[in-house]
Structures are given as structure tokens and as C-alpha cells.
Number of protein chains: 2
Amino acid sequence: MAHPLTGVTVLDLTHVLAGPFCSMTLADMGATVIKVERPGVGDDTRAFPPFKDGKSAYFAAINHGKKSIALDLKDEDDRATFEILLARADVVLENYRPGVMERMGYGWEDLHARYPRLIYGAVSGFGHTGPDSKRPAYDMVVQARGGVMSITGEKDRDPVRVGASIGDIIAGMYLGQGVLAALFDREKTGKGRKIDVAMLDSQLAILEHAVAITTVTGKPPAPSGARHPSITPFETFHASDGLFVIAAGNDKLFEKLCITLNLPLMGDDRFATNVDRCKHARLLKRLIEAVTLDHPRAHWIAKLTAAGIPTGPIQTVDQVLKDPQILARNMVVDILDKNGRAAFKAAGNPIKMSDAPDPTTRAPSPDLDGNRGEILRWLGRE
Amino acid sequence: MAHPLTGVTVLDLTHVLAGPFCSMTLADMGATVIKVERPGVGDDTRAFPPFKDGKSAYFAAINHGKKSIALDLKDEDDRATFEILLARADVVLENYRPGVMERMGYGWEDLHARYPRLIYGAVSGFGHTGPDSKRPAYDMVVQARGGVMSITGEKDRDPVRVGASIGDIIAGMYLGQGVLAALFDREKTGKGRKIDVAMLDSQLAILEHAVAITTVTGKPPAPSGARHPSITPFETFHASDGLFVIAAGNDKLFEKLCITLNLPLMGDDRFATNVDRCKHARLLKRLIEAVTLDHPRAHWIAKLTAAGIPTGPIQTVDQVLKDPQILARNMVVDILDKNGRAAFKAAGNPIKMSDAPDPTTRAPSPDLDGNRGEILRWLGRE
């Protein structure tokens, strides 16, 4: 039983979300992550609400099990420490604006010359090239500019933000894939690589269907509310006590749905094929709800599931955290405090791997500079 | 100049989106991906609209550069071919319902015993364990059950679906990270691993902020429309000609914003801290729009950008595809047809890596069984 990244050391200069989310996944797979933070303040998210016992739940959720050392990269002595860390590390991650690392003397060219095995992972709003390279960005800026907001929400109303910070998270996940590919590659070449991931690029990368529609038809898709844009029925329906989803993705499933709900629509030309059903989607929704409004959603979910039709409730986050399937998969873990008591709950590791531990708890998130002594001893600097 | 995954062979039994999205990223980093498809029909998405010259743009966008062989895994001869492929492959990917691979004699235990170096990546709706393991799922079922829909949309209206298929895509990206970590690990141990990723688990994994709020306050967050749930101002604003985003994530940026918009709010207690601004978010939005409604959004974006304040337009997908920054980053590539002509446009590779090619075109997506001859020759079966 060993994590696949056991022995990998990640020097993490990133803060807030995209970079720390990436290093969290690496830590969950066994990497040692050392956060290098600004003295005095540290990662901005240390000050993000909500708090419990004076600690940010948000910071804890993303930074559990990492170590922290505060270094001023303009100070001579701290730079010396940082450079010994660089010599020991397998990966360095940063999310400064392009040019900042170069000004500190730690740009990719310099680092690659001095530490040829070091892998350098950068995540930024717009990437290290291009006309807007140096502009600042936050999650919502790239959700807006990258197109996902334009297809999320209700038709004829203002677009909405995706409730999860996917502007950051998708970029962090691409950075993770790049770093892991570079680690594999380095086993053969002995050389590190630079990975440059932009939040904006990453937003475009997830628009598969919308890009296909736009480039073939010339017309960008509008927001489709709670429906799939080109499959019907594949949307939310009201039961007597709340909303649930029916996703009947093909003709066979639609036939099963009609049988299960006792809907006499099977010879009806308006609903014969998916194309027909898309044309008459609003009518079909009403015909289905005329049935489903009569009973609570648990009734319909049980019945449709028995018939093999993909279905499920719309759950609020508190409901998700109690979902038996989520709990059976060890997807809600306890982040411990220093005394070994459960302090926060957080999402577990969704990468379930044979022969690797999947613990139900996580080590605490570090205090700012909380591992200085331990790290300096490891470096032989004490 | 070499891709980091050059020489890696991926045997891909997956179809539709989560699995193929994973293998697309691996292919973009240099892996050889062989799609093993059902004879006669192949991947369902071959039939997904929109079409161009009889070919699905959707299928092309996700499967470019892969090879295809049609194999009936119940046929003796095809099984023999498949087993030689397994012996040659580094990775096998599948997205069947749990139990299907076992029934065909290709479950993890069997494969691991016969091909100890083979890495086995599985993606499914609910994972290979837990009470709902065998239920069918589609993107929208896990978006609904996994909580992201409950925080996406407008307050007091029905939740909406995220316009991109993040139920599939996030799971595919976690699978990619698991496979890459296992490839790295195998360089040291010589042994393959099984990776079991559930779409539902993956949805919970991206709810960092919502999980923190729910577990600390006991109350799940409501959908927050086009606002960040706990930072203000961090939302959309109307200009004279459309919507744009201002993301002033801290006090210093808020001060800059007041100066740039000539808003006399700096001594005002209602807006002194982020907590105050969150309390008076609706009022603040109106005070800002009283200014921004006077000019087009290009005016404000230029002005705010000059002041260093994160901002940007809400773009439709056609606008994103023409965005100068996106184009400068080679994020719109041409998928070629067999005659080497540009047939489709698709998103490029967001993982920009030093010393790796970043081509502006992609090889065609394969015809069903289109690479049979070539693959059989490679296996010495012809």
C-alpha cells in the first residue's frame, strides 16, 4: 500500500485556488507539498470566511496536509533557503503574473539551467504569452470571457455564474495533468519541463459541444436552463415535493420512460425521434409533469431506477454530504486539528486507486510558517 | 521536441464524453490512443448533431487523432486480437457499468494477473463500490445529485444546469490525473494500478467553498446568480451595450475601483470591508451601474484594466473563438479531413509545455474500424 506520488516533493508558491487545488490533488496522491508563503500574511484564503476556532474552513479544505514556510524572496538569507529547497524539489508551482518570477531571478530559463530536473508549473489568468498575458484575472473574469456563462442560465435572462469556481479549478486540474506527464517523462529523459496553463484557455477547453455547434452552424448556443441543449427528455421535472432529473438519452430509454409513466406517446410522430422530441420539448415536459406532479420525487426515482432510466434528485450541498453513495465512497473526510480531533469536513479524494491508502481523515492545514523548524532541519540549515 | 507521453499506448473502450475526454488529453500529450468500438455502431457520439459532410462535429472534437478498431468482445477471434492489444498497451480505459468487464473476463483482477504492468482506468456514474454503484448516470444526473446545480442559477428560481458537461469532464480529468500518476509510479514499481473514478464523487470534489460554508454554518449556500457568494463587488454589471464583469477581490482593488469610477464611497462605513460590502451588495451594484450604464463596456474594460482591476466582457462562444488572446495561445485548432483539409474547428490543448510541439492542426477523427489493417499489421495478426 503506497501512494503513487510517494517521494515527490512539490514546492508550492501558489495561493488562493487554482494552484493550491492542483497541489491538493498531488498531496492526496502522496506528494509532499511545501507551501512557500509571504511572511506576515501568507495565502489570502487564510482570511476567507467562514471560520471555526479562528481558522478558515476554505483554507483548510484546500491546504490540509501541506507544510508551510514563510520566505521573503527578496531577503538574502531566505533566498538561500529557497534555493536549497529548489535543489531538493521535484516540482515548483507558481501563479504569479507573468514576469514576476523572472524579476526575482527565478524564471524558467534560470531555474532550468541551474536545476535541470526541476519541473516548473505555472497557472495564470491568461497564460505566459499573448497580448493580455499580464492582465489580472479571477475565476469570474474567465468564466465570463471564456464563454461558459453565456451558455449557463435561463433563456432571455442574464447569464449566471457557475456556482463552483471552475475558472480556477479546471485550470488547476490541467496543471496537475501537465505536471504528472512531466514527472513521467522525466523518468526517461532526466529533464524537467515548464508547464504554462491559462485559466482562460482552460475554459474554452471544456466547451466541446458549444464549440461544435458554433463552428458548424455559425450560431453560438444560448443558455438552456435546466435542459441538455440537444437531447430530450434530459432535464428537471417537478414532482409533488421538489425537482428531479430524468435523462432519457436515447429512443430505447424514452420508450421505457413512456411505459413506466403510463404515457401513451409511443406512436406519436411528435416524439418519434430525439430530433422530434427536441422540437416539442416544452410540450413533452408538460405531459411528463402532468404525471410526475402527483407523487413525491422519491417515488419516481425508485420507479424509474427500477426501469433502468437515469434519474436522480437535485440535491442541496447538505443533502449531498449525507448521500449514502457519497459516504460509501469515503468522499467526506475529516480534517484534523493539531490534537487529532476532527476540525473540518471536506471532500475526499475522487481518484480511488488500487493498492493506495484512502484515509478517512486528513492532516491539519499548516499554520503560516508552521513547519519552518522541520523544513530547515531537513535542509541541514539549522 | 517530443511530447511527454510519446510511446504510451492507450486502449480506449470508453464512449460518449468522460472517458474520451480523458484519452483526448492523453493523445494531445503524445499518447497513441486506440479506440476499441462496437462493430456496426461504434461510439454513440458518431450520431450526435451537428454534422458536416455527414460527420459529427462533436465526435470529431473529442476523438481527433485517435485510431479505431471494431471488436466484438464476445467473438473468439476478436477476443484474441483484444488480448494481444492488452499485452501491448500501457493503459486500458473503460466506462462500462461496474461488473460488465468482469463478465467479459476482463475485470481488474484478471487483467492484473495476466498483464501486471497494465494500468486500468475506469470512469462510471457512481463508482465501482457503494449501494448505487450499478445505476446508470448521465452528466445531468450527477450535476443534479452532486450539488452544483443547487448553487447555480438565480435565487428564488429553479436551479439551472452548468452549460458545459462538467459532470463528465471533471470525472475525465480526474481519471487522467490518476492514469498519469500510475504511469509515473509504474516506472518505479513495474506494476500497474486500477483507477476507479465516479462522476458523482468528482462533482462533490469541486464544491470547495460550498462544502466549507455548509459544514461550518449548517446552511447550504443558495444559487448566487452572477455574483461570487462571499466577495463584493465580484459580479456582472450592465454597461450601455452589454454585460461585463468587475472582480474587485480585496480592499485595495475596491479603492482603485472607486477612484477609477469617480465613486465617492471610500469613507462610507457601509462599504469599508468586504463583509460590509457583502451586506450592501445590492445597493453597491446599483451605485456602480449608475456610473457604468453611461458608456459601452469596451470603455470600462479599458479603463479598469489600465487601473489594474480584474474585468472582462461576458462573451458568447463565437466571440470566444475570435478572442485575440485565445488565438495567440493557439487555442482554436483545425481538425483535418483525410485529404489534409481543415474540416472542423476545436479547442486546442491548454497544457502548454516546454520542448513539446503545440500543433495548429489535429489528425482526423477515425472512421469506425478505420485503422483495423494498420493495427493488425502492428500486432503481427495479418
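The values are calculated or read from the model by the stated rules, or taken from the named source; none is laboratory data. Here the structure is a predicted model, which means the values were calculated and not measured. Cβ coordinates were reconstructed from backbone atoms using ideal geometry, including for glycine residues, and neighbour counts include every protein chain displayed. Calculation scope for accessible area: heavy atoms of the full protein, side chains included, ligands and nucleic acids excluded. Shrake-Rupley method; radii C 1.70, N 1.55, O 1.52, S 1.80 Å.
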Inter-copy separations for residue A:155, label at 7 Å along Cα-Cβ, nm, ascending: 2.8
Degrees, to the nearest 10: B:18-28 long Cα axis against longest axis of chain B: 90
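Would you rank B:134, B:285 by solvent-accessible area, highest first, keeping every protein chain in place and using a 1.4 Å probe? Please list the in-between numbers first.
Details: B:134 130, B:285 45 Å².
Of B:134, B:285, the descending order of accessible area is B:134, B:285.
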Unit Cα scatterers, Debye sum, the range A:78-152: log10 I(q)/I(0) for q = 0.16, 0.18, 0.25 Å⁻¹: -0.67, -0.77, -1.15
Area of residue B:128 that stays accessible when all protein chains are in place (1.4 Å probe, Å², to 10): 40
Choice from B:13, B:118, B:287 showing the highest fluctuation, given a GNM over chain B with Cα pairs closer than 10 Å: B:287
For residue B:227, residues with placed amide H under 5 Å, excluding near neighbours: A:161
Computed helical MRE - 222 nm, chain B, DSSP H runs ≥ 4 contributing -39500 (n - 2.57), nearest 500: -11000 deg cm²/dmol
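Show me you know the interface measure: the accessible area buried between B and A, both chains summed, probe 1.4 Å, in Å² to the nearest 100.
Numbers: alone 19800 and 19850 Å², together 27980 Å².
Result for this pair: about 11700 Å² buried.
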Exercise: per-residue mean of other protein chain Cβ atoms within 10 Å, B:273-280: 1
20 Å cut-off, amide nitrogen to a point 7 angstrom out along residue B:259 Cα→Cβ, residues in the range A:75-98: none
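Here is the link list: A:67/B:188; B:74/B:194; A:194/B:338; A:55/B:352. Which ones come out longer than 28 Å on Cα distance? List each step's numbers first, then the result.
On the way: A:67/B:188 25 Å; B:74/B:194 23 Å; A:194/B:338 33 Å; A:55/B:352 36 Å.
From the list (A:67/B:188; B:74/B:194; A:194/B:338; A:55/B:352), the Cα-Cα distance tops 28 Å for A:194/B:338; A:55/B:352.
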Dimensionless Rg over Rh [the range A:262-369; C-alpha; Kirkwood]: 1.21
Kirkwood-Stokes translational diffusion coefficient of the range A:157-221, alpha-carbon pairs, 25 °C, 0.890 mPa s, µm²/s: 173
Nearest-10 value in Å² for the accessible area of residue B:378, using the 1.4 Å probe: 110
Angle in degrees between helix B:76-88 and the longest Cα principal axis of chain B, rounded to the nearest 10: 60
Value in Å of the Kirkwood radius, where chain A supplies the Cα pairs that are averaged: 23.7
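Note the full-extension length gain between residue B:251 and residue B:341 as 0.36 nm times their separation in residues minus their Cα-Cα distance, in nm to one decimal. All intermediate terms of the calculation are to be shown ahead of the outcome.
Numbers: separation 90, 0.36 × 90 = 32.40 nm, distance 5.24 nm.
Here the segment from residue B:251 to residue B:341 would lengthen by 27.2 nm.
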Calculated label separations, residue A:293, copies of the chain, 7 Å along the beta-carbon direction, nm: 3.7
Within the protein assembly as shown, percent of DSSP bridges classed antiparallel, to nearest 5: 45
Most positive-pole-ward Cα, B:169, B:226, B:93, against dipole of chain B from beta carbon charges: B:226
Inter-chain Cβ neighbour average for residues A:168-179, partner chain, 10 Å: 6
Under the Debye formula (equal points on every Cα, no solvent term), log10 I(q)/I(0) of the range A:159-303 at q = 0.09 Å⁻¹: -0.47
Segment residue B:307-residue B:51, length gained on full extension (0.36 nm per residue, minus Cα span): 87.6 nm
Tensor-based shape of the range A:1-80 (alpha-carbon gyration tensor, a/c under 1.5 rounded, otherwise prolate or oblate): oblate
Peptides ranked, highest mean first, by Cβ atoms within 10 Å: ranges A:221-229, B:175-183, A:97-105: B:175-183, A:221-229, A:97-105
Residue mean of other protein chain beta carbons inside 10 Å, A:353-366: 3
Cα radius of gyration and Dmax for the protein assembly as shown (Å): 25.2, 82
Label-point separation, residue A:189 to residue B:83 (7 Å along Cα→Cβ), nm: 3.8
Shape box of the range A:234-313 [Cα atoms, principal axes, largest first, Å]: 31, 22, 19
Overall Cα dimensions of the range A:320-382, principal axis frame, Å, largest first: 49, 27, 16
Accessible area per residue in Å² at 1.4 Å probe, computed on the protein assembly as shown: 37
Calculated diffusion of the range A:269-329, Stokes-Einstein form, Kirkwood radius summed over Cα pairs, 20 °C and 1.002 mPa s, µm²/s: 154
Across the identical copies, how the residue A:360 labels are spaced - nm, sorted shortest first, 7 Å along Cα→Cβ: 5.7
Apportionment of accessible area to carbon and sulfur, chain B, percent (1.4 Å): 51
Cα-based helix-to-principal-axis angle, B:281-292 vs chain B, degrees rounded to 10: 80
Long-range amide H partners of residue A:348 with built H, under 5 Å: A:332, A:333
